[in-house]
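Colleague: Attaching a single structure in structure tokens format; questions to follow.
The values are calculated or read from the model by the stated rules, or taken from the named source; none is laboratory data. Note that the structure is a prediction, hence the values are computed from the model and not measured. Glycine gets a Cβ as well: all are built from the backbone with ideal geometry, and neighbour counts include every protein chain shown. Accessible surface is based on the protein model in full, side chains and every heavy atom, while ligands, DNA and RNA are left aside. Shrake-Rupley method; radii C 1.70, N 1.55, O 1.52, S 1.80 Å.
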Amino acid sequence: MNPPEQSFRVVGTRPVRPDGADKVTGRALYGTDFALAGMLHGAVLRSPHAHARIRGIDASRALALPGVKAVVTGADFPEAASVAIAGESAANLRDIARNVMARDKALYEGHAVAAVAATSPAIARAALALIAVDYEVLPHATSIAAAIAPDAPLLHDDLFTPGLKPRPETPSNLALHVAIDTGDAAAALAGAAAVAGGHYTTQPVHQGYIEPHACVAQWNADGQAQIWASSQGAFMIRSLVAGALGLKQADIRVTPLEIGGGFGGKTTVYLEPVALQLARQAGRPVRLEMSRSEVFRATGPAPGAVIDIRLGADKDGMLVGAEMTFHYTAGAFPGAAAHPAALLALAGYKVPNRKITGWEVVCNLPSSAAYRAPGAPQVAFAVESCLDELALQLGIDPIELRLKNAVGPGDTGPMGLPHGQIGLIECLEAARAHPHYSAPLAPGETRGVAAGGWANYGGPSTAAVALAEDGSVLVTTGSPDIGGSRAAMAMMAAETLGVPYETVRVTIADTASIGFSFLTGGSRTTFATGHAVIAAANQVIATARARAAQIWGVAADTVAWRDGAAHGTAGDSAGKVLTLAEIAGKAANAGGPISAEVGVNPAGWLPGFGVHICDCALDAETGQVKVTRYTAIQDVGRAIHPAYVEGQLQGGAAQGIGWALNEAYVYGADGRMENPGFLDYRVPVASDLPMIDTVLVDKPNPDHPYGVKGVGETPIVPPLAAVANAVSRAAGRRQRHLPMSPEQVLLGGDA
Amino acid sequence: MPPSPYSAPDNLGEALGLAAAPGARVLAGGTDLLIQTRAGRLAPTAMVDLKRIDRAMGIRPAGQGFVIGAATPCTALRDDAALVAAWPGVVEAASLIGSVQVRNRASLGGNLCNASPAADSVPALIAAGATAVVAGPGGEREVPVEAIPAGPGRTTLAPGELVIELRLPPRPPGGGDAYLRLTPRTEMDIAVVGVGAALVLDGSGRCTAARIALGAVAPTALLVEAAGAALVGTKLEEGAIAAMLAAIDAAISPIDDQRASAAYRRRIAGVLATRAVARAAARARGEQA
Ligand SMILES: Cc1cc2nc3c(=O)[nH]c(=O)nc-3n(C[C@H](O)[C@H](O)[C@H](O)COP(=O)(O)OP(=O)(O)OC[C@H]3O[C@@H](n4cnc5c(N)ncnc54)[C@H](O)[C@@H]3O)c2cc1C
């Protein structure tokens, strides 16, 4: 059922974001801006070894240093229960607890082994140097090949590959097995007119948020814990800290601070449980913050991948079969998004015969974390590269080839259910019609295209809407704003209530002040929290209508609501109008203040698809690639605030271009990261990128009052292959290995 | 970072006295020194800022040549029209360092004395035949720029010595210079290879003098005299370029590191040297600014 054409007053406009002024004037409170009286400064001692048994830790000299108030090690943490944690990539509470503080083994260079709280950062750092850790250095494996070799050092002796039947008899570093097998892929490939394939590799990449992790923790005199932190979910922190430390959730109050980027990397905890233990021991509040080098060595990254793929088509370009085996680096603990990767790898196309096998591999790297569309970009890189090869082999235009095979509404989705109102076909058509696609290329330039998608999500959210006495509107949510969602929430509330955007203020509340919301991730917030805001606003309207009816002495159902006011229709009330402000002004003495809090868990989110077009110029003598023109096209449902949606597309494309060209974790033979800083971990700088053009394809989601689909993650899926397809055409050689650094493009072999 | 006593004397004598203290470090723009100190790689006992000393700041003509105060920010080079006209290669090298904000602080003296093998301005200065005026407890001496770096992070300066000025000769008639580097990113990056070239062409286009210097392919920026010699007397024909490339290949000793392999550096040294010579020659012929 398609909703009738809606017309909007606020949705689709581009007002100034409410958090903007504080951010550009430096007033916004980020993780390290928050301070408490008497606060101590913490520091974390991190393992210099990629893999080592911790035989003992002697902190006595550190504790004796004047100014040191607390030292904690793994022994100061309870053993957490083994509980699976839902999130963008599967995780386990016990592993999270061991990741924040190593117990018997350090599993990667940078793994926390002890922490100190002292009266100054300098004393805290000096104290770290006084902690003696007795390590038994163990052999390590930082690559997939090393971790799955027959004689590989074992990270966890209790890891028996889940997903394998029968359960293996010996432990291994294979942390998860997933398999999809429909039809007869081998036979289909054997009969295909054209087959493309190869061995693809990508490296672990960091989310690259500007703000390092930071938090302040304190224990109140009554034994209640308080945490102030920048993250993608204050409730996420509450539940993980409660689980890791064995506390009651009601005894932890988490206040979200402004967040300086997360991209999925702030959907777990690193510092908060440690800061809380230090604060408990010291009896004073403690701040912990990471340096950039700690961020690189101990947080993130997205998994690196090794992918073997074969994709076959008939002579008309109809896909007939696919075989794919991939390994993803989970890092120190299981959890690398192999499930979504397997489900999404071919989600955009009708491929009757498919055999997909995925493995997660634990190895001596930081425990991988969610990063925009976790799991999807790596497999999309391989699939979309093969499609480009098939297009070349069959002499079919690459967009045409995708259109022949693209899924549309009613086609079977990855979970076996029919797709709803998805917009891949519209995106491909928009790409084909875009002037960029037909623009002549300058000499030496080539063009690549690639598509990609993400499942998106709904999930539980709570929102409250309250009226002030002057009729201004206060919206409260528990969803940290990482992409302009405060503006979107204010706009949806204003649209629903029929009041100007400027009269609405949005607060992101602490965990004691609003009901539960799942974290900001999965491109769910504008969809799900938006649902909650709209529902709460509708309840406020219902109350306001009832109050007007009470004032007019008529039945509530005779009072209409439009343009931000109650309109009488019955008897004497006909033609009477009470604005929201007038009702709010009378409310205290006419039934009480007006507010509503609504919790929802909406179904009906829809996957998002996008198509990217990339032009690049290759310096054939040096291997250097310059992206010269880039267009990102995406089905966004309906953009509440188009500028911020465009920003999501541009940001995702920029990160994807970085992933394609120069970003990579580099490890030495000693298992230590060699580039833990932005100088040698090369995210694109502004001058590396052209203006990224965007096209918002509007195919409204019928299951959201304003047509919203998640938009934040899809845009990082197509760029890896869009860039690689352009470079492959320029180099005359298929680019199967990321990053396509100048050296890789010029000299890189095709292993 | 333990607090370093900071001083900013306004005369060279006082600066030399302060810099002579054990563990003291000279501070120019601080874009290396402060970062390395914060990272814990250096722990200076004192920082002696040169920026209030007149001689260390600004660009002055010296006959047809130039004197550049060692602590002058790189931005000032680009603003000096006479210098840009005379030594565009030196200016383009200095203009590649970091970003606008970094260049508003970063100096040639700091770039040289930080002694990174990948420092951008150093090969350009060497190719141009620049000299450094070294001041110390025992007085002053003038040495070729290539005599300053001793190895990664090490210089030939004696304790208590500092560079107070850099000097560039007049641009010879028919002269041109250029600097090119390769970095994976367009800016905010460290040269994988850098090549400075300066040459002089006579009226017939014959090369009468040439200096080629490379960065990031040896422990220090490297003047490859044989590479320049291979060009002298030629009209930069293919054979001459090949001889230059052979001389470079023989002289450099690149390493494998996380930024690039030795093999790639070797390859790029040749590509950039060829291009830098072509660019310098175009400038010598007046075809390019
Ligand atoms: C973000 C960023 C990007 C960068 N990009 C580049 C780049 O692209 N290319 C490049 O080459 N460099 C780059 N650098 C490094 C740095 O900016 C340059 O080396 C710069 O020229 C250093 O100059 P400075 O005046 O800041 O030196 P300082 O930091 O003040 O000093 C550097 C060192 O030299 C010593 N020193 C300084 N002046 C003198 C003197 N007159 N006599 C004796 N010793 C002295 C100091 O004690 C110190 O050891 C970058 C740095 C940053 C932070």
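Colleague: Would you confirm, using the coordinates I've provided, whether B:Glu165 is away from chain A (no Cβ under 14 Å), touching a residue at least 24 places away in the same chain (Cβ under 8 Å) and either surrounded by 20 or more Cβ atoms within 10 Å (Cβ to Cβ) or not in a strand (DSSP E or B) (or both)? Give the derivation first.
Modeller: Values: away from chain A (no Cβ under 14 Å): yes; touching a residue at least 24 places away in the same chain (Cβ under 8 Å): yes; either surrounded by 20 or more Cβ atoms within 10 Å (Cβ to Cβ) or not in a strand (DSSP E or B) (or both): yes.
Yes; evaluated as a whole, the condition is true for this residue.
Colleague: Find the residue count for region A:199-209, including only residues that are part of a loop (DSSP other than H, G, I, E, B), more than 26 Å from A:Arg253 (Cα to Cα) and within 15 Å of the chain's Cα centre (by Cα).
Modeller: Counting residues in region A:199-209 that are part of a loop (DSSP other than H, G, I, E, B), more than 26 Å from A:Arg253 (Cα to Cα) and within 15 Å of the chain's Cα centre (by Cα) gives 3.
Colleague: For region B:86-106, how many residues are more than 6 Å from the ligand (Cβ to nearest atom) and either among the aromatic types (Phe, Trp, Tyr) or in contact (Cβ under 8 Å) with a residue 12 or more places away in the chain (or both)?
Modeller: Qualifying residue count for the region: 14.
Colleague: Among the residues of region B:184-221, how many are within 13 Å of B:Pro254 (Cβ to Cβ), within 14 Å of chain A (Cβ to nearest Cβ) and open to solvent by 10 Å² or more (accessible area, probe 1.4 Å)?
Modeller: Residues in region B:184-221 being within 13 Å of B:Pro254 (Cβ to Cβ), within 14 Å of chain A (Cβ to nearest Cβ) and open to solvent by 10 Å² or more (accessible area, probe 1.4 Å): 1 in total.
Colleague: Does A:Ala342 qualify as being at negative phi, open to solvent by less than 10 Å² (accessible area, probe 1.4 Å) and in contact (Cβ under 8 Å) with a residue 40 or more places away in the chain?
Modeller: yes
Colleague: Yes or no: region B:73-85 includes at least one residue that is open to solvent by 40 Å² or more (accessible area, probe 1.4 Å), within 13 Å of the ligand (Cβ to nearest atom) and in contact (Cβ under 8 Å) with a residue 24 or more places away in the chain.
Modeller: The answer is yes, given that some residue of region B:73-85 is open to solvent by 40 Å² or more (accessible area, probe 1.4 Å), within 13 Å of the ligand (Cβ to nearest atom) and in contact (Cβ under 8 Å) with a residue 24 or more places away in the chain.
Colleague: Say whether the condition of being among the aliphatic types (A, V, I, L, M), open to solvent by less than 40 Å² (accessible area, probe 1.4 Å), more than 18 Å from B:Thr72 (Cα to Cα) and within 10 Å of the ligand (Cβ to nearest atom) is met by at least one residue in region B:107-122. Even if it seems obvious, please write down each step before you answer.
Modeller: To start, the set of residues in region B:107-122 that are among the aliphatic types (A, V, I, L, M) comprises B:108, B:112, B:115, B:118-119, B:122.
So of that shortlist, the ones also open to solvent by less than 40 Å² (accessible area, probe 1.4 Å) come out as B:108, B:112, B:115, B:118-119, B:122.
Next, from what is left, pick out any that are more than 18 Å from B:Thr72 (Cα to Cα): B:118.
The next check asks that each one be within 10 Å of the ligand (Cβ to nearest atom); those that pass are B:118.
Looking for residues that are among the aliphatic types (A, V, I, L, M), open to solvent by less than 40 Å² (accessible area, probe 1.4 Å), more than 18 Å from B:Thr72 (Cα to Cα) and within 10 Å of the ligand (Cβ to nearest atom), one finds at least one in region B:107-122, hence yes.
Colleague: Do you know which residues across region A:676-730 are assigned to a helix (DSSP H, G or I), over 18 Å from A:Ala450 (Cα atoms) and in contact with a strand residue (DSSP E or B) (Cβ under 7 Å, 6 or more places away or on another chain)?
Modeller: Once the filter is applied, which keeps residues that are assigned to a helix (DSSP H, G or I), over 18 Å from A:Ala450 (Cα atoms) and in contact with a strand residue (DSSP E or B) (Cβ under 7 Å, 6 or more places away or on another chain), region A:676-730 yields nothing.
Colleague: A further question on this structure: Give the residue, chosen from A:Gly591, A:Gly575, A:Gly637, that is open to solvent by less than 50 Å² (accessible area, probe 1.4 Å), at positive phi and outside any helix (DSSP H, G or I).
Modeller: It is A:Gly637.
Colleague: Does B:Pro172 meet the test of being away from every other protein chain (no Cβ under 14 Å) and either under 15 Å from the mean Cα position of the chain (by Cα) or open to solvent by less than 40 Å² (accessible area, probe 1.4 Å) (or both)?
Modeller: Working: away from every other protein chain (no Cβ under 14 Å): yes; either under 15 Å from the mean Cα position of the chain (by Cα) or open to solvent by less than 40 Å² (accessible area, probe 1.4 Å) (or both): no.
So B:Pro172 does not fit the description; no.
Colleague: Pick out the one residue from A:Gly262, A:Gly317 that is surrounded by fewer than 24 Cβ atoms within 10 Å (Cβ to Cβ) and in a loop (DSSP other than H, G, I, E, B). So that I can check it myself, show each step before the final result.
Modeller: Numbers: A:Gly262 fails: surrounded by fewer than 24 Cβ atoms within 10 Å (Cβ to Cβ).
On inspection, the qualifying residue turns out to be A:Gly317.
Colleague: For A:Ala581, are the conditions met, namely being modelled with pLDDT of 95 or more and out of contact with any strand residue (DSSP E or B) (no Cβ under 8 Å at 6 or more places or on another chain)?
Modeller: So A:Ala581 fits the description; yes.
Colleague: Looking at (1) surrounded by 23 or more Cβ atoms within 10 Å (Cβ to Cβ); (2) more than 30 Å from A:Ala35 (Cβ to Cβ); (3) under 26 Å from the mean Cα position of the chain (by Cα), which is the one condition that is false for A:Ala106?
Modeller: Of everything listed in (1) surrounded by 23 or more Cβ atoms within 10 Å (Cβ to Cβ); (2) more than 30 Å from A:Ala35 (Cβ to Cβ); (3) under 26 Å from the mean Cα position of the chain (by Cα), A:Ala106 misses just condition (3).
Colleague: Moving on to the next point. How about region A:599-634: which of its residues are among the charged types (D, E, K, R), open to solvent by 30 Å² or more (accessible area, probe 1.4 Å) and in a strand (DSSP E or B)?
Modeller: Residues satisfying the conditions are A:Asp619, A:Lys626, A:Arg629.
Colleague: Can you name every residue in region A:656-675 that is in a helix (DSSP H, G or I) and either open to solvent by 30 Å² or more (accessible area, probe 1.4 Å) or under 18 Å from B:Asp189 (Cβ atoms) (or both)?
Modeller: A:Ile657, A:Gly658, A:Trp659, A:Ala660, A:Leu661
Colleague: Identify the residue in region B:37-49 that is surrounded by fewer than 17 Cβ atoms within 10 Å (Cβ to Cβ) and within 13 Å of the ligand (Cβ to nearest atom) and, among all such residues, is farthest from the chain's Cα centre (by Cα).
Modeller: Within region B:37-49, the first condition is being surrounded by fewer than 17 Cβ atoms within 10 Å (Cβ to Cβ), and the residues that meet it are B:38-41, B:43, B:45.
Those left that are additionally within 13 Å of the ligand (Cβ to nearest atom): B:38-39, B:41, B:43, B:45.
Values: B:Arg38: 25, B:Ala39: 25, B:Arg41: 23, B:Ala43: 25, B:Thr45: 27 Å.
Restricting to residues being surrounded by fewer than 17 Cβ atoms within 10 Å (Cβ to Cβ) and within 13 Å of the ligand (Cβ to nearest atom), the top hit is B:Thr45.
Colleague: Sticking with this one: Within the group A:Arg292, A:Arg297, which residue is closer than 23 Å to A:Ala141 by Cα, touching a Pro at 6+ places or on another chain (Cβ under 8 Å), open to solvent by 10 Å² or more (accessible area, probe 1.4 Å) and at pLDDT 95 or above?
Modeller: Values: A:Arg292 fails: closer than 23 Å to A:Ala141 by Cα.
Being closer than 23 Å to A:Ala141 by Cα, touching a Pro at 6+ places or on another chain (Cβ under 8 Å), open to solvent by 10 Å² or more (accessible area, probe 1.4 Å) and at pLDDT 95 or above holds for just one of A:Arg292, A:Arg297, which is A:Arg297.
Colleague: Here's a follow-up. Out of region B:144-178, which residues are near the ligand (Cβ under 10 Å from one of its atoms) and hydrophobic (A, V, I, L, M, F, W, C)?
Modeller: B:Ile148, B:Leu157, B:Leu162, B:Val163, B:Ile164, B:Leu166
Colleague: For region A:21-38, state whether one or more residues are open to solvent by less than 20 Å² (accessible area, probe 1.4 Å), farther than 23 Å from A:Ala336 by Cα and touching a residue at least 60 places away in the same chain (Cβ under 8 Å).
Modeller: Looking for residues that are open to solvent by less than 20 Å² (accessible area, probe 1.4 Å), farther than 23 Å from A:Ala336 by Cα and touching a residue at least 60 places away in the same chain (Cβ under 8 Å), one finds at least one in region A:21-38, hence yes.
Colleague: With (1) within 15 Å of A:Gly31 (Cβ to Cβ); (2) open to solvent by 10 Å² or more (accessible area, probe 1.4 Å) as the list, and A:Ala250 as the residue in question, which single condition is left unmet?
Modeller: (1)
Colleague: What is the number of the single condition among (1) open to solvent by 60 Å² or more (accessible area, probe 1.4 Å); (2) in contact (Cβ under 8 Å) with a residue 24 or more places away in the chain; (3) closer than 24 Å to A:Gly375 by Cα that A:Arg94 does not meet?
Modeller: Of (1) open to solvent by 60 Å² or more (accessible area, probe 1.4 Å); (2) in contact (Cβ under 8 Å) with a residue 24 or more places away in the chain; (3) closer than 24 Å to A:Gly375 by Cα, only one is false for A:Arg94: (2).
Colleague: Also, quick follow-up: Take the residues of region B:1-36 that are free of Cβ contacts under 8 Å to residues at least 12 places away in the same chain and within 14 Å of chain A (Cβ to nearest Cβ): which is nearest to the ligand (Cβ to nearest atom)?
Modeller: Across region B:1-36, the extreme among qualifying residues is B:Ile35.
Colleague: Any residue that is outside any loop (DSSP other than H, G, I, E, B) and not small (Gly, Ala, Ser) - is there at least one of those in region A:13-22?
Modeller: Yes, there is a match, as at least one residue in region A:13-22 is outside any loop (DSSP other than H, G, I, E, B) and not small (Gly, Ala, Ser).
Colleague: Scan (1) part of a helix (DSSP H, G or I); (2) within 13 Å of chain B (Cβ to nearest Cβ); (3) closer than 18 Å to A:Ala302 by Cα for the single condition A:Gln744 breaks and write down its number.
Modeller: Among (1) part of a helix (DSSP H, G or I); (2) within 13 Å of chain B (Cβ to nearest Cβ); (3) closer than 18 Å to A:Ala302 by Cα, the lone unmet condition for A:Gln744 is (3).
Colleague: Sort through A:Thr496, A:Thr507 and tell me the only one that's open to solvent by 10 Å² or more (accessible area, probe 1.4 Å) and assigned to a helix (DSSP H, G or I).
Modeller: A:Thr496
Colleague: Tally the residues that are out of contact with any Lys or Arg (no Cβ under 8 Å at 6 or more places or on another chain), buried (at least 17 other Cβ atoms within 10 Å of the Cβ) and of a type in the set (Val, Ile, Thr), restricting the search to region B:1-36.
Modeller: Residues in region B:1-36 being out of contact with any Lys or Arg (no Cβ under 8 Å at 6 or more places or on another chain), buried (at least 17 other Cβ atoms within 10 Å of the Cβ) and of a type in the set (Val, Ile, Thr): 1 in total.
Colleague: So, one more: For A:Ala632, all conditions in the list (1) in contact with a Lys or Arg (Cβ under 6 Å, 6 or more places away or on another chain); (2) more than 14 Å from chain B (Cβ to nearest Cβ) hold save one; what is the number of the exception?
Modeller: (1)
Per-residue answers, yes or no, for (1) in contact (Cβ under 8 Å) with a residue 40 or more places away in the chain; (2) within 14 Å of another protein chain (Cβ to nearest Cβ):
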| site | (1), (2) |
| --- | --- |
| A:Gly647 | yes, no |
| A:Ile657 | yes, yes |
| A:Asp698 | yes, no |
| A:Ala721 | yes, no |
| A:Arg733 | no, no |
